[in-house]
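Heads up: the structure comes next, in structure tokens.
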């Protein structure tokens, strides 16, 4: 049974326009990149982004966005332990999408830096407010998912191109069974 897929347009970076003639720009085809994430990947990404928002930027105060991480970080040791556990849960959710070790290590490093800063009494609380490790981890995870989906789409396109090329180069050979008339076989050439 094939996995259901959702089409998600990846936010593309706009390239600065270069000066070209109107003739060239008229015939230039715009390639729009469409990235396809599976339903499971989309669900996990939404979950990770939602958790990161609650932890780092949950409440908009007008002049700043503050989440549970900096608020709980004000409680000595226990608050930092709670936020460490919540950040670990975010990483654990991201691991459901089979992230590679180098991404996992970057995410764990972000959490370790956040936790280490939080242990320092006043300066660490300011660092907690500014660093936003969970938001960084959500961005890392999202970039990884889109890159993996882009590679998957390129591989599928390459396989389809190769199959079309092989079909054009190799004519199909039809094998026929010998026909029988009255019990004797008639050879087919």
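The values are calculated or read from the model by the stated rules, or taken from the named source; none is laboratory data. Bear in mind that the values here come from a model prediction, so they are computed numbers and not experimental data. Backbone-built Cβ (ideal geometry, glycine too); neighbour counts: all protein chains shown.
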Does any residue of region 108-118 turn out to be touching a helix residue (DSSP H, G or I) at 6+ places or on another chain (Cβ under 8 Å), part of a loop (DSSP other than H, G, I, E, B) and at pLDDT 95 or above?
-> no
Check off (1) loosely packed, with under 14 Cβ neighbours inside 10 Å; (2) touching a residue at least 12 places away in the same chain (Cβ under 8 Å); (3) closer than 26 Å to residue 125 by Cβ for residue 96 and give me the number that stays unchecked.
-> (3)
Go through (1) touching a strand residue (DSSP E or B) at 6+ places or on another chain (Cβ under 8 Å); (2) modelled with pLDDT of 85 or more and name the single condition residue 105 misses.
-> (1)
Test: residue 159 is surrounded by 10 or more Cβ atoms within 10 Å (Cβ to Cβ), modelled with pLDDT of 85 or more and under 29 Å from residue 85 (Cβ atoms) = no
Residue check, residue 66 buried (at least 19 other Cβ atoms within 10 Å of the Cβ) and in contact (Cβ under 8 Å) with a residue 24 or more places away in the chain = no
Does residue 130 meet the test of being in a helix (DSSP H, G or I), at pLDDT 95 or above and out of contact with any strand residue (DSSP E or B) (no Cβ under 7 Å at 6 or more places or on another chain)?
-> no
Are there any helices (runs of 4 or more DSSP H) wholly within region 1-86 with 2 or more residues that are at pLDDT 85 or above, and if so which?
-> 39-56, 68-72
Flagged in region 99-123 as without any contact (Cβ under 8 Å) to a residue 24 or more places away in the chain, over 24 Å from residue 46 (Cα atoms) and surrounded by 11 or more Cβ atoms within 10 Å (Cβ to Cβ), in numbering order, are 113, 116, 117, 120
Do we have any residue at all in region 158-169 that's in contact with a helix residue (DSSP H, G or I) (Cβ under 7 Å, 6 or more places away or on another chain) and over 21 Å from residue 49 (Cβ atoms)?
-> no
